[in-house]
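The values are calculated or read from the model by the stated rules, or taken from the named source; none is laboratory data. A quick note: this is a predicted structure, and the numbers were derived from the prediction, not measured. Every residue, glycine among them, receives a Cβ derived from its backbone with ideal geometry; neighbour counts consider all protein chains shown. The accessibility values were calculated without ligands, DNA or RNA, using every heavy atom of the protein model including side chains. Shrake-Rupley method; radii C 1.70, N 1.55, O 1.52, S 1.80 Å.
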Amino acid sequence: MDYDVELMKKVQDVQLEIAGVIKNVCEKNGIRYFLAYGTLIGAIRHDGFIPWDDDIDIMMPYPDLLKFEEACKTDLPQGYFYQSPETDPEYRLSIMRVCKDNTLLIEKETADKKIHHGIFVDIYPMYGAAPKNKRKIQIFRAMKRALYLLDEPVKNHGALMRAGSSFLLKLKTKKGKARAQKKLFEKITRFPYDECDEVVCWSGSMKSFKLSYKREWFGNGVMHKFENTEFMIPENYDAVLRQVFGDYMLLPPEEERKPHHSYTDISFNTEET
């Protein structure tokens with residue numbers, strides 16, 4: 001789908017609405033959350049969306065995510081859906097989402113999946129990082145767990161990686177992969193977030209598996225303007241952003257100022273279709 005400024009603005013408006021719902025659930029239940037990645041850059045550099053951005057990203061400490069999942073059962077308003085591999089079995093990502101019912105935002109990568117395809121906001125779980133001498137093992141287990149959860153060969157990382165991941169998947173049955181990913185998840189999350197000096201947030205990209213952050217950079221968060229409201233951001237947002245992006249205040253070349261998702265279909269009221 002070609003980039004359309006007016007269309008993306010309408011998508012942003014719905015995403016901002018969803019983010020507001022998440023914020024309300026978090027504030028009611030004492031749950032920590034932080035604007036993240038391009039959304040955090042937008043908050044600092046633009047006081048809102050990066051004009052050409054097409055999503056909202058939130059980081060949430062894993063203990064708080066568990067509280068959020070429970071709170072959603074009673075406090076998530078009608079018309080919204082908390083999406084995870086548990087609530088939506090064919091959804092196979094390790095990033096959770098809150099979607100708006102009766103909307104449509106189909107990504108090329110998941111177009112063939114029987115999942116909730118509503119306009120969404122991403123929630124990235126943050127985990128306690130293993131000690132340095134065990135970090136590589138934790139990363140390996142996290143990557144393996146993500147592979148078993150996704151249950152598809154790795155793409156966009158070369159033929160060797162694709163062949164290796166395909167071989168690993170063939171070694172286990174569907175039930176075997178489900179058991180393995182659960183056991184791996186138990187091992188990678190046994191380092192309590194609030195007891196670790198460093199934390200990690202695996203988005204699925206190879207770069208994200210290599211990154212870690214000082215937990216103190218996030219703290220309990222501070223409020224910051226984003227569009228017509230305020231959301232929590234990390235207390236030391238500068239350190240967090242530089243860890244991922246380097247000089248985040250530098251605008252990209254004009255030809256790169258476009259959405260990074262591949263959406264194949266968008267609708268704002270599927271009840272009318």
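Before moving on, here are some points about what is shown:
- Residue within segment 129-139 that is open to solvent by 20 Å² or more (accessible area, probe 1.4 Å) and assigned to a loop (DSSP other than H, G, I, E, B) present: yes
- Given (1) closer than 23 Å to Gln181 by Cβ; (2) of a type in the set (D, E, K, R); (3) over 13 Å from the mean Cα position of the chain (by Cα), number of the condition Asp47 does not satisfy: (1)
- Those residues of segment 126-143 which are more than 17 Å from the chain's Cα centre (by Cα) and hydrophobic (A, V, I, L, M, F, W, C), in sequence order: Ala129, Ala130, Ile137, Ile139, Phe140
- Helices (runs of 4 or more DSSP H) completely within segment 1-94 that count 3 or more residues being over 24 Å from Leu241 (Cα atoms) and open to solvent by less than 70 Å² (accessible area, probe 1.4 Å): 5-29, 62-75
- Applying a threshold of 8 Å to beta carbon distances and a minimum spacing of six or more residues, or different chains, the list of pairs starting in segment 52-68 at a residue that is in contact (Cβ under 8 Å) with a residue 24 or more places away in the chain and ending at one that is among the β-branched types (Val, Ile, Thr) and assigned to a loop (DSSP other than H, G, I, E, B) reads Met60/Ile31; Tyr62/Thr189; Asp64/Ile31; Lys67/Ile31; Phe68/Ile31.
- Where a residue in segment 158-169 is part of a helix (DSSP H, G or I) and its partner, wherever it lies, is hydrophobic (A, V, I, L, M, F, W, C) and modelled with pLDDT under 85, with Cβ under 7 Å and at least six apart: Met161/Val154; Arg162/Val154; Ser165/Val154
- Residue in segment 105-117 that is in a helix (DSSP H, G or I), among the hydroxyl-bearing types (Ser, Thr, Tyr) and either open to solvent by less than 50 Å² (accessible area, probe 1.4 Å) or under 20 Å from Asn24 (Cα atoms) (or both) present: yes
- Residue in segment 218-228 that is aliphatic (A, V, I, L, M) and in contact with a helix residue (DSSP H, G or I) (Cβ under 8 Å, 6 or more places away or on another chain) present: no
- Test: residue in segment 184-193 that is surrounded by 11 or more Cβ atoms within 10 Å (Cβ to Cβ), touching a Pro at 6+ places or on another chain (Cβ under 7 Å) and modelled with pLDDT of 90 or more: yes
- Restricting segment 236-272 to residues that are surrounded by 14 or more Cβ atoms within 10 Å (Cβ to Cβ), farther than 19 Å from Lys108 by Cα and among the hydrophobic types (A, V, I, L, M, F, W, C), the residue that is farthest from the chain's Cα centre (by Cα): Ala239
- Residue pairs whose Cβ atoms lie under 7 Å apart, separated by 6 or more positions or on different chains, with the first residue in segment 103-123 and at negative phi and the second open to solvent by 10 Å² or more (accessible area, probe 1.4 Å) and of a type in the set (Gly, Ala, Ser), are Thr103/Ser267; Leu104/Ser267; Glu107/Ser262; Lys108/Ser262.
- Checked against (1) touching a residue at least 12 places away in the same chain (Cβ under 8 Å); (2) surrounded by fewer than 17 Cβ atoms within 10 Å (Cβ to Cβ), Met232 meets all criteria but (2).
- Search result, residues across segment 142-157 that are under 20 Å from Pro85 (Cβ atoms), not β-branched (Val, Ile, Thr) and not in a helix (DSSP H, G or I): Asp151, Glu152, Pro153, Lys155
- Residues in segment 144-165 that are open to solvent by 40 Å² or more (accessible area, probe 1.4 Å), within 12 Å of Ala180 (Cα to Cα) and either modelled with pLDDT of 95 or more or not basic (Lys, Arg) (or both): 1 in all.
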